[in-house]
Structure formats: C-alpha cells, structure tokens
Amino acid sequence: MKILVINAGSSSLKYQLFDMDDGSVIAKGLCEKIGIGGAITHKRPGKENYSAEVELKSHDDAIALVLKLLTDAELGVISSVDEIGAVGHRVAHGGEKLRRSTVIGDEELEYLYSIVGINPLHGPPAIKGIEACRKIMKDKLQVGVFDTSFYSDMADSTYIYALPYEYYEKYGIRKYGFHGTSHRFVSAQAAEMIGKPIEELKIVVCHLGNGSSITAVKNGKAIDTSMGFTPQDGLPMGTRSGALDPSLLTYLMKQEDLTPDDIDNIINKKSGLLGVSGVSSDCREVMIAAKDGNDRARLALDMLVGSIKKIVGSYIAEMNGIDALAFTAGIGENDATIRERVCKDMDYLGIEIDTDVNKNAPRGTKIDISKAGAKTKTLVIPTDEEYMIALDTLKLVTK
Ligand code: ADP
C-alpha cells in the first residue's frame, strides 16, 4: 500500500509518498511560501528534481498541486490518486485526549481546534493540512500522528508543575513533551540493534537538532522528557533558551518594559546557541568560531554539553540504570565532537565510547560507537519521523 505523509507548517508543507510494501520513499517534496507567493520542489529517487514557482494561496492549493505532481504523466510516480491508501499527518500536539495515533474524524478535528490555545504555532497549520486533504481526498482515511502521544504514559508526578493545581484543570498547563515520534522510532531501533525486546530495556534518546530534547524510555514507554508545556523547556537549542529560572522572565519584562510577545520572541528566537555565542544558531558555525578562539562560542557549546549530561544523568537515576544511550537528529547524528564530549567521564554509568569509531561514523547509518565491553551501548541512529507516521497510518488502515 502507498501512504502519503504530510507535515504542514504555517507557510510550508512537506510531503513523502511511501511504498509500504518495502518501506521506500517513491517521491517527496516541499511546498513553500504558501499564502505569500508559492514554490514547490519535487524529488524522486534517481531522477532529476523538479522546482517551480507556482501561486499557492492556501494549503488546499498546495495539496492539490502535490497530487497533480504525484500523478503527472512526466513527473509523477503513480497513475492515479486511487493508488494512495491513506494519508498520515504529523501533528505536534494531541493534547490530553489524543493519546495514540488515530483516524481523524469530525470529533478529533474539533478537539484539535479546542487546543489551539496551548499550541498556537503548530496547531493551526496542522489543522489546515488535514482539512485540505479531507476536502480534496474525500474517500481517504486521514490519520493524525502526534508528537505528544508517546508521553501519554508519564506519571502525574512527572507531568504536573508545582503551580496551583487549578491551572492544570483550567488551562491544561502540564508537561506534554514533544519530538515523541522521533524518540519512539529511535528507541525501537535501539532495541533492535541490541537484539532485546524494548520491554526489557532502559534507553535514553538524545534528539539534538535545531530543536533538541532528551527522553527516558523505560520498558518501551517514555517516562520523562526534557521538553514541557511547550517545546521551549530543557536543553539550550539553536535559538531557544531551554530551561530557565521562571522569575527571571518577569524580572526582565519589568526591567526592559517587555510584552509577553516580546519575551516569547526573545526566549524562542534570540536565545540558545545564537543568543549566547552571538555567532549563529547553527552548531557547525558555533563550533568553527569556538575553534577560532571565540570565547562566547566556546561557552555556548560548554553549556549545551553540560545540559545534555545533566539531563541524561537524571534520567539514569529515574530509571535506576541504562542499557543504551542513543544520539539522533542533525547534531546527534553528525557531530562526533559533541557526542564525545557528552560521553566523556560517564564510565561510572557504563557509558564508554570508541573514539575512533565515533569520529569515523559514516553519515546516515545506524552505528554502535561503544567501546568493546562497555556496560551501556552508545548508539547513533538516524531518525525517520515520516516513516514512523507512515507505519502508524498503515497499521490503522489495515486494522
Ligand atoms: P531541525 O530541528 O530543524 O530538524 P536538524 O535535525 O536538521 O534540525 O539539526 C540542525 C542542527 O544540526 C544544526 O545545528 C546543524 O549545525 C547540525 N548539523 C547538521 N549537519 C551537521 C554536521 N554534518 N555536523 C555537525 N552538525 C551538523
């Protein structure tokens, strides 16, 4: 069966068409500048890419164009839309109710609308993507796969903040966790690499990209994660601050006469690697600057490594041990220096890596970088959220 995976942003829409008979991607692409112009890049393995400027007034236009290209006589990969079995949507937030991947009907859509208040950035575009597909592909099942659902089994003592309890009841203020689809995929891959059922393993997954999070996976379930009510909590990221003393925000607002939107902008867009280094949000550029002697770039990287270590250590304590530490996403998959620095002086916890294997780890493949005989496996695993979404969609459609 062929499954179309859609990841809709406010002005962009990514798509991948999977042939689930062998798990291969037969076409993928990106619509950009939706509502402010329009452009598409369409890729097929082994063939030349196609790019064009096309007016895209809405997400409906984008979906219509994607289907037109997928079935085009020259650029297409299928002869008709009928070949698509179902559509899987990446949805960042499933709130407290959408605890598993699910077929999206009227009721689910209504619920997604009801939680836009706690998910103002990612909620509306995901809804637009789903609605466009429902309109244009009336007979296809639309499946929602939620970044938050992997965290549905966390204990209340983990997800409740120590604020007056009424704010949880009134506004749903709690830890939700994000990047769950990636952590679910990578932890399953880690178990496969170790050759044991995930139900018997304690795994810590470090998803380190522009946005970064760490998740503790005990016996196949996420028991804690570093992101919280929003994807802002936890590690310092490309432009996000990560965890802060909450009172410094109100102090800063008073000092600089800032509005809530100003402060949101500062902690989301101007902080993290960019804010501390003053160089870039891109880890590679910060690394180059640090090598050239830029002390604030050095500081930003020291803070990142220190935060990763602290969170990994706390999760090992929470799980009473660790069988595998897995690295994924842009930095986790590609940056051997960060991996080496995180794993340094962790031998007490059984984490020891083979520095040569780590340095020479080939890009884009999963690899065990642990030292021979190390008690804990340290693994590099390329993430694939889209494949996970396609897999969940297939399961729901064939159920
Ligand atoms: P996103 O969260 O946007 O999906 P990515 O997972 O693509 O982000 O990660 C982006 C980060 O990965 C950037 O900080 C970038 O510097 C880093 N990165 C990407 N490729 C490499 C590489 N080859 N070596 C080191 N860092 C890399």
Completion exercise
Listed by first then second residue, the pairs whose first member lies in region 153-167 and is farther than 16 Å from MET227 by Cα, whose partner is among the β-branched types (Val, Ile, Thr), with beta carbons under 6 Å and at least 6 positions apart or on separate chains, are TYR167/ILE173
Completion exercise
Among the residues of region 251-263, the number that are under 17 Å from THR230 (Cβ atoms) and either open to solvent by less than 80 Å² (accessible area, probe 1.4 Å) or more than 29 Å from the chain's Cα centre (by Cα) (or both) is 2
Exercise for the section: Identify all residues within region 272-284 that are near the ligand (Cβ under 7 Å from one of its atoms) and more than 20 Å from ASP233 (Cα to Cα); write none if there are none. Expected result: ARG284
Handout entry: Checking ARG99 against (1) farther than 24 Å from PRO231 by Cβ; (2) basic (Lys, Arg); (3) under 18 Å from the mean Cα position of the chain (by Cα), the condition it does not meet
Key = (1)
Practice task
Select, from LEU70, LEU13, LEU17, the only residue that is over 25 Å from THR181 (Cα atoms) and open to solvent by less than 30 Å² (accessible area, probe 1.4 Å).
Solution key: LEU70
Handout entry: Scan of region 135-152 for residues that are under 13 Å from ILE104 (Cβ atoms), assigned to a loop (DSSP other than H, G, I, E, B) and of a type outside the set (D, E, K, R), ordered by number
Key = MET137
Practice task
Could you tell me whether region 345-359 includes any residue that is exposed (fewer than 15 other Cβ atoms within 10 Å of the Cβ), within 13 Å of the ligand (Cβ to nearest atom) and more than 20 Å from the chain's Cα centre (by Cα)?
Solution key: yes
Handout entry: Criterion (in contact with a Phe, Trp or Tyr (Cβ under 7 Å, 6 or more places away or on another chain), more than 15 Å from ILE3 (Cα to Cα) and not β-branched (Val, Ile, Thr)) met by exactly one of GLY37, GLY94, GLY117
Key = GLY94
Completion exercise
For region 80-105, pairs from a residue that is farther than 28 Å from LEU65 by Cβ to a residue that is in a loop (DSSP other than H, G, I, E, B) and of a type in the set (Lys, Arg), with Cβ under 8 Å and 6 or more apart or across chains, are GLU96/ARG174
Practice task
Determine, yes or no, whether THR393 is closer than 25 Å to GLY306 by Cα, modelled with pLDDT of 95 or more and open to solvent by less than 80 Å² (accessible area, probe 1.4 Å).
Solution key: no
Handout entry: Lone unmet requirement of (1) away from the ligand (no atom under 13 Å from the Cβ); (2) more than 21 Å from TYR161 (Cα to Cα) for ASN210
Key = (1)
Practice task
Hey, can you tell me all the residues within region 287-344 that are touching a residue at least 60 places away in the same chain (Cβ under 8 Å), away from the ligand (no atom under 13 Å from the Cβ) and over 27 Å from ARG184 (Cβ atoms)?
Solution key: MET303
Practice task
Scan region 375-387 and give yes if some residue there is farther than 26 Å from GLY272 by Cβ, crowded, with 17+ Cβ neighbours inside 10 Å, within 16 Å of the ligand (Cβ to nearest atom) and touching a residue at least 40 places away in the same chain (Cβ under 8 Å), otherwise no.
Solution key: yes
Exercise for the section: Given the conditions (1) out of contact with any Asp or Glu (no Cβ under 9 Å at 6 or more places or on another chain); (2) modelled with pLDDT of 95 or more; (3) within 29 Å of GLY172 (Cβ to Cβ), report the number of the one that SER10 does not fulfil. Expected result: (2)
Exercise for the section: Would you mind stating whether MET227 is touching a Phe, Trp or Tyr at 6+ places or on another chain (Cβ under 8 Å) and either under 30 Å from GLU318 (Cβ atoms) or open to solvent by less than 40 Å² (accessible area, probe 1.4 Å) (or both)? Expected result: yes
Problem - Number of the exception - LEU273 against (1) touching a Ser or Thr at 6+ places or on another chain (Cβ under 8 Å); (2) open to solvent by less than 20 Å² (accessible area, probe 1.4 Å); (3) farther than 20 Å from GLY177 by Cα; (4) not in a helix (DSSP H, G or I) - result: (4)
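The values are calculated or read from the model by the stated rules, or taken from the named source; none is laboratory data. What you see is a predicted model, and the numbers here were worked out from it, not measured in a lab. Ideal geometry is used to build each Cβ from the backbone, glycine not excepted, and the neighbour counts take in all protein chains shown. Side chains are part of the model used for accessible areas, which takes the heavy atoms of the whole protein and leaves out ligands, DNA and RNA. Shrake-Rupley method; radii C 1.70, N 1.55, O 1.52, S 1.80 Å.
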